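This report concerns only the one structure given below.
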Amino acid sequence: MKSEISIEDETLVAAAQEIIKKRYEWERHHVSAALRTRTGEIFTAVHLEASLSRVTVCAEAMVIGKAISEGYKEFDTIVAVRHPDPDSEDNEIRVVSPCGMCRELIADYAKDCKVIIPENEGLAKTDILDLLPMRYVR
């Protein structure tokens, strides 16, 4: 079920945008993620691009691992943003929807997590399980 984003969600998007502005590196880091825990802590991380693409680690996986490493296991909302390529005419850092593997990972670690996604000309917030119909469950 989709809903509008809150001021807290806008803060989460801004945190993701801020970390990719600081850490952007062509062909290394162009996606970042921000994660808010149920108790309000915010974690950020960037993805790790690898020359062998299947070794690349998504920003969502990085930020979930970072939060878990700090002792947090209950997650409220996550968002990912993408920095434009240097030759892109559009230079806005935009929210992106998580890839399929990240959807699975988020659902594995936080089946009640909300995800901020692009929608029409704005943003919306949805349940992770709405982005993962017919989810495989072991």
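The values are calculated or read from the model by the stated rules, or taken from the named source; none is laboratory data. Note that the structure is a prediction, hence the values are computed from the model and not measured. Reconstructed Cβ throughout: ideal geometry from the backbone, glycine too, with neighbour counts over all protein chains shown. For the accessible areas, the whole protein counts, side chains as well, though only heavy atoms, and no ligand, DNA or RNA atoms are used. Shrake-Rupley method; radii C 1.70, N 1.55, O 1.52, S 1.80 Å.
Summary of computed values
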{"item": "Solvent-accessible area, 1.4 Å probe, carbon plus sulfur percent, for region 1-98", "result": "48 percent"}
{"item": "Vicinal HN-Hα couplings computed from phi for region 62-72 (Karplus, 6.51 cos²θ - 1.76 cosθ + 1.60; Hz; Gly/Pro x)", "result": "4, 6, 5, x, 5, 5, 4, 4, 8, x, 9"}
{"item": "Point-to-point label distance, residue 66-residue 3, nm (Cα→Cβ direction, 7 Å offset)", "result": "2.5 nm"}
{"item": "Pairwise FRET efficiency - residue 104 versus residue 73, Cβ, R0 = 22 Å, nearest 0.05", "result": "0.80"}
{"item": "Under Karplus coefficients 6.51, -1.76 and 1.60, residue-wise ³J(HN,Hα) of region 103-109 in Hz, glycine/proline x", "result": "4, 4, 5, 4, 5, 5, 9"}
{"item": "Extension reserve of the residue 126-residue 26 stretch, reckoned as 0.36 nm per residue once the Cα distance is removed", "result": "33.0 nm"}
{"item": "Residue pairs, from the table 2/111; 21/66; 22/73; 22/66, whose Cα atoms sit over 21 Å apart", "result": "22/73"}
{"item": "Correct option for Kirkwood radius over Cα pairs in Å [calculated from the coordinates] among [x] 15.0; [y] 16.1; [z] 16.9", "result": "[x]"}
{"item": "Accessible solvent surface per residue of region 14-138, calculated while the other protein chains remain in place, 1.4 angstrom probe, Å²", "result": "60 Å²"}
{"item": "Full-extension gain in nm, residue 52 to residue 11, via 0.36 nm per residue minus C-alpha separation", "result": "11.4 nm"}
